[in-house]
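Just so it is clear, none of the values below were taken in a lab; they were calculated from the coordinates. Remember, it's a predicted structure, so these values are computed and weren't measured experimentally.
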Amino acid sequence: MGEELSVGFRFYPTEVELLTYYLRIQLGGGNATIHSLIPILDVFSVEPTQLPNLAGERCRGDAEQWIFFVPRQEREARGGRPSRTTGSGYWKATGSPGPVFSPDNRVIGVKKTMVFYTGKAPTGRKTKWKMNEYKAVETASVSTIPKVHNHFFKMKTFIK
């Protein structure tokens, strides 16, 4: 990973690459190379302004986007709702989760968008921070409705 990068290089994977390559490797156990690109971080334990400094080596210094693997919270693993609060605010889901399609038009994941608000709900003040959460889905051979993969990690991208 220490090799020199070409001028203009930017680590900017597509949604399909995030789900079919990086998240699948992580769900299979991950490896040091993937973790140097996309670190594991409990994003709800840090403030959004800290994210650029915690990003992987290819995203560090990027002014627009950072990518992390996020472990599922214990309460979420037991079927509950995850806590999306930080010390200064909270992440609020916007809109409905939507499917992510492969080039051959199969559903390969689910994407949920959230916005960061400072203060406490419901009177928080909206900020410019946005997070996209990706979950892989199991490939369904018989069922027409794919099931969300019961995995330990989700992937989150952040945009300021």
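Please list the non-local residues whose amide H lies under 5 Å from the amide H of residue 47, H modeled 1.01 Å from N, same-chain partners needing a gap of 5 or more.
Answer set, sorted by chain and number: none.
Measure out, as a whole number of angstrom, how far apart the alpha-carbon centroids of the range 39-78 and the range 14-33 sit.
Cα centres, the range 39-78 to the range 14-33: 15 Å.
Please work out how much length the chain gains when fully extended from residue 75 to residue 14, using 0.36 nm per residue of separation minus the C-alpha to C-alpha distance, in nm with one decimal.
Gain on extension, residue 75 to residue 14, equals 19.0 nm.
Can you quote the Å³ per residue value for the convex hull of the Cα atoms in the range 20-66, rounded to an integer?
85
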